[in-house]
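Some notes on the structure that comes next.
The values are calculated or read from the model by the stated rules, or taken from the named source; none is laboratory data. Computed from a predicted structure; not experimentally measured. Neighbour counts are summed over all protein chains in view; Cβ atoms, including those assigned to glycine, are modelled from backbone coordinates with ideal geometry.
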Amino acid sequence: MGISKTDIGTTTISIIATLAVWELLTRIFHIPGFILPSPSAIFVEAVTRYPLYLYHSWITFYEMVVGFLLAAAVGVFLAVVIVYSRIIRNMIYPQIVVLQIVPKVAIAPLLLIWAGYGLTSKVLLALLVSFFPIVVNMVTGLVAIEEELLDLCRILHSGRWQEFSKVRLPNALPYLFSSLKVASTLSVIGAVIGEFVGGNEGLGHLIIIANTELRTSMSFVSLFSLSILGFLLYGFVILAERVCMPWEKWQSASA
Amino acid sequence: METSASGEEGHRGAIEVRSLSKVYPSQDGPVQALSEVSFAIADAEFVTIVGHSGCGKSTLLRIIAGLLIPSSGSVTVRGRGVSGPLSDVGMVFQRPVLLKWRTIFDNVMLPIEMLHLPRQENQERALDLLKLAGLADFRHHYPAQLSGGMQQRAAICRALIHDPSLLLMDEPFGALDLMTREEMNFELLRIWSQRRKTTLLVTHSISEAVFLADRVIVMTPRPGMIADIIDVKLPRPRMPETKLDPRFTECVRMIGRKIGLLYI
């Protein structure tokens, strides 16, 4: 999928149009700022108090990135263990699924009790929210090997390690990266849930304050900052995918 | 250990299959895939197995490669009984199954890495093989950049890189279009004439079986049994004109009759 200049043009024009209509509506109907601030008011809020937003964005970004990286490590590790050990699979897979079914928002207060009001509880929540798709996809990628390839491995007397490192692991990479994309967006949610429930830092915390003080433009700046952070992490994943799988562009071209 | 006297000639390096049977368990009771199959292949001989799908051709090949354990009977390769996967075998499947994340060259080198053979001298071998298969210019390409026929040629190079004494091919050209398939037949014979491996190739195309082989093993389905083994007395190298030779058409017709194709 190539991105052309027209693509970028269409997107830019539509964003500008949306903002313009929004600005006009708030002015024509005299909508009070605490209900729906105009884009210009939001912009002024962002520019005048940017050190505040930068600081809290950094906190949230730190939580989600660390949570995401831990989720990737834990997810890949669990997937490998699940694929290679039947006993461990039977022991932990059902529990992982149960953990996934429990709403994370409901676990958040508990995590705060266990891990405190600092960054750790938020990192843990980001991890909890985002690791599940990584486990599931990684397991699929490690198992979805053509039968003939496994035959070939047996003929070539490859040990388990060679079969893993030369066949299963690279085969799982596309599956891993598609789950990492999902996880990167989920980790934002996890970090914000944590900040909602307790603590005094991060964009989630700012949104709570803005709400109690009816400073809606502050809410909006926090929201926009959150989407920028999510977008950044997502972008990093795409970049890593391109670097790790240079063959993929040919793959999609032929498929 | 089995002796390697293979009836008539008793060449070393031969495959010897003795009263091989294979029964698969299934939901509707056991299915007999192979029944009392016996034959021998001489060193450097090119033998094809032809038959309907479901006649146990692939099962037979997998047993010879040591990938499947027979229900009864035995297989000897180069005088030694087969009891597990044989690294002395090069295997080509219907699909190329190249590793899509490796370049063609690295794909061909895979067996060298897995068998822990010295890399340096085998790099030259890999290049020679790729040249022989007409793929030298594509060695830095990824499989997805190559056509199906080229991918299958690369798979043949991969099967030959560790210099196995046996080349086993399971319907290697079955997934290719007819024109590419004919081309591949010549390519394969050209490579074979250079490398002279004992080759056993499974196909369901009678004309392909006759065109390639010194001998054709004709099998009947359910249970898979040998109907006949036919000597192909056609001169090598085989040319496009070979298919016009009356001996060729006669051979094809005879095998068709054995398999039960009444219209031939």
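Brief remarks on what is shown
- Residues in region A:142-156 that are in a helix (DSSP H, G or I) and in contact with a Ser or Thr (Cβ under 9 Å, 6 or more places away or on another chain): A:Leu152, A:Ile155.
- Selected residue [surrounded by 17 or more Cβ atoms within 10 Å (Cβ to Cβ) and outside the structural domain of B:Met150 (by TED's automatic domain parsing)] from B:Arg181, B:Arg196: B:Arg181
- Residue in region A:200-226 that is nearest to the other protein chains (Cβ to nearest Cβ), counting only those that are without any contact (Cβ under 8 Å) to a residue 40 or more places away in the chain and surrounded by 12 or more Cβ atoms within 10 Å (Cβ to Cβ): A:Leu223
- Of the residues making up region B:99-108, not one is assigned to a helix (DSSP H, G or I), more than 20 Å from the chain's Cα centre (by Cα), crowded, with 22+ Cβ neighbours inside 10 Å and not β-branched (Val, Ile, Thr).
- Taking each residue of region A:43-71 that is closer than 15 Å to A:Gly118 by Cα and looking for partners that are part of a loop (DSSP other than H, G, I, E, B) with beta-carbon atoms closer than 6 Å, six or more apart or interchain, yields A:His56/A:Gly202; A:Ile59/A:Glu201; A:Ile59/A:Gly202; A:Thr60/A:Gly202.
- Within region B:161-181, being without any contact (Cβ under 8 Å) to a residue 40 or more places away in the chain and either under 11 Å from the mean Cα position of the chain (by Cα) or not in a loop (DSSP other than H, G, I, E, B) (or both) holds for B:Phe173, B:Leu178, B:Met179, B:Thr180, B:Arg181.
- Residue within region B:126-133 that is under 20 Å from the mean Cα position of the chain (by Cα), surrounded by fewer than 20 Cβ atoms within 10 Å (Cβ to Cβ), within 13 Å of chain A (Cβ to nearest Cβ) and within 19 Å of B:Thr198 (Cα to Cα) present: no
- Of the helices (runs of 4 or more DSSP H) lying entirely inside region A:1-102, not one carries at least 3 residues that are of a type in the set (Asp, Glu) and loosely packed, with under 12 Cβ neighbours inside 10 Å.
- Residue count for region B:158-180, restricted to those that are more than 25 Å from B:Leu115 (Cα to Cα) and at pLDDT 90 or above: 2
- Selection within region A:1-39 - touching a residue at least 12 places away in the same chain (Cβ under 8 Å) and of a type in the set (Asp, Glu): A:Glu23
- Counted residues, region B:65-92 - those being part of a loop (DSSP other than H, G, I, E, B), more than 12 Å from every other protein chain (Cβ to nearest Cβ) and not β-branched (Val, Ile, Thr): 5
Here is a yes/no grid of residues against (1) touching a residue at least 12 places away in the same chain (Cβ under 8 Å); (2) over 19 Å from A:Leu152 (Cβ atoms); (3) aromatic (Phe, Trp, Tyr):
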| site | (1), (2), (3) |
| --- | --- |
| B:Pro85 | yes, no, no |
| B:Met114 | no, no, no |
| B:Pro118 | no, yes, no |
| B:Arg125 | yes, no, no |
| B:Leu129 | yes, no, no |
| B:Ala136 | no, yes, no |
| B:Gly149 | yes, yes, no |
| B:Arg153 | yes, no, no |
| B:Ala159 | yes, no, no |
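- If you go through region B:82-98 and pick out every residue that is surrounded by fewer than 20 Cβ atoms within 10 Å (Cβ to Cβ) and under 25 Å from B:Asp228 (Cα atoms), you end up with 1.
- Neighbours by Cβ (under 9 Å, 6+ apart or cross-chain): first from region A:167-196, within 14 Å of another protein chain (Cβ to nearest Cβ); second among the hydroxyl-bearing types (Ser, Thr, Tyr): A:Val167/A:Ser158; A:Ala172/A:Thr140; A:Tyr175/A:Thr140
- Qualifying residue in region B:102-110 (condition: touching a residue at least 40 places away in the same chain (Cβ under 8 Å), within 13 Å of chain A (Cβ to nearest Cβ) and at positive phi): no
- Residue list for region B:37-63, restricted to those being at pLDDT 90 or above and either within 11 Å of chain A (Cβ to nearest Cβ) or part of a strand (DSSP E or B) (or both): B:Val37, B:Ser38, B:Phe39, B:Ala40, B:Ile41, B:Phe46, B:Val47, B:Thr48, B:Ile49, B:Val50, B:Leu61, B:Arg62
- Condition met for B:Gln120 (under 30 Å from B:Arg215 (Cβ atoms), at pLDDT below 95, polar (S, T, N, Q) and outside the structural domain of B:Ala209 (by TED's automatic domain parsing)): no
- Condition met for B:Gln27 (out of contact with any Lys or Arg (no Cβ under 9 Å at 6 or more places or on another chain) and more than 12 Å from chain A (Cβ to nearest Cβ)): yes
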